Amino acid sequence: MGNIASALTLQTEETALIEELRAGSEDAFTWLISRYHQPIYSLLARTVRDRADAADLTQDVFVKVFKGMSGFHGESSLRTWIYRIALREASNQRRWWARHKQHEVAIEQEISESEYGAPVRLKELLVDPGESPFDAAVQTEIRERVENAISQVPEPYRTTLILRDIEGFVYEEVAQMQGVNLGTVKSRLVRGRAFLKTLLTKPQAGQHPAGLKVLDTPFAEEAR
């Protein structure tokens, strides 16, 4: 009964929030951004080519959320709807990259001067001052390897893996976000986990495979 009451309370609170957003409440929209900005940025940073693009796309997502509130009729939860918009923006960005091969700029290259005349390098402009809960929870060396491995998992398995195992969405929510059925989500997740496990258990120079044993369990679990 406690779970039911909690669910009803959350539903009532979300309904009230949606009504305020539709009415143009600045406070409601500010709360929405503070609640979802970091999770949406983290998702996009793992699904597009670089963090600069992810930051721009995050802003685009909230512009679309603001403009699209009048068309949101509650077919899914507000959170699911926002994530669907984010995934669509990421997909559009990947298609854009497939059509336009951009000139790569070395991260150490000096691209401008500061107001004091000192050279500014690209890498200094791409530093992320924030850190997600996931980033803070693991050691830097392992985090970098995991992030690199995730980036090598092919789509659509990578996005499914991120939504379920990193963002923590339930299967039904992932299915709604990706516009597929539940069986497809589970199939993609199994294949995504298999890809990732293969990449993570591949020995690196000077590293014993046992060093990553701690990472085996989460990706070997059956879908819950």
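The values are calculated or read from the model by the stated rules, or taken from the named source; none is laboratory data. None of these values were measured; they are calculated from a predicted model. Positions of Cβ are generated from backbone atoms using ideal geometry, with glycine treated the same way; all protein chains shown enter the neighbour counts. To get the accessible areas, we keep the full protein, side chains included, count just its heavy atoms, and leave off ligands, DNA and RNA. Shrake-Rupley method; radii C 1.70, N 1.55, O 1.52, S 1.80 Å.
Details
- Annotation note: Cβ proximity below 7 Å between a residue of the stretch 28-57 that is open to solvent by 40 Å² or more (accessible area, probe 1.4 Å) and a residue that is among the β-branched types (Val, Ile, Thr) (sequence gap 6+ or interchain) occurs for His37/Thr58.
- Hey, Glu173 of a type in the set (Asp, Glu), in a helix (DSSP H, G or I), within 26 Å of Arg49 (Cβ to Cβ) and modelled with pLDDT of 90 or more or not: yes
- Filter result for Trp81 (at pLDDT 55 or above, surrounded by fewer than 17 Cβ atoms within 10 Å (Cβ to Cβ) and of a type in the set (A, V, I, L, M, F, W, C)): no
- Just so you know, in the stretch 29-66 the residues that are of a type outside the set (Lys, Arg) and outside any helix (DSSP H, G or I) include one that is nearest to Arg88 (Cα to Cα), and it is Val48.
- Within the stretch 182-200, residues that are in contact (Cβ under 8 Å) with a residue 24 or more places away in the chain and closer than 9 Å to Ala149 by Cβ have Cβ atoms under 6 Å from residues that are part of a helix (DSSP H, G or I) and open to solvent by 60 Å² or more (accessible area, probe 1.4 Å) in these pairs: Leu199/Gln152, counting only partners at least 6 apart in sequence or on another chain.
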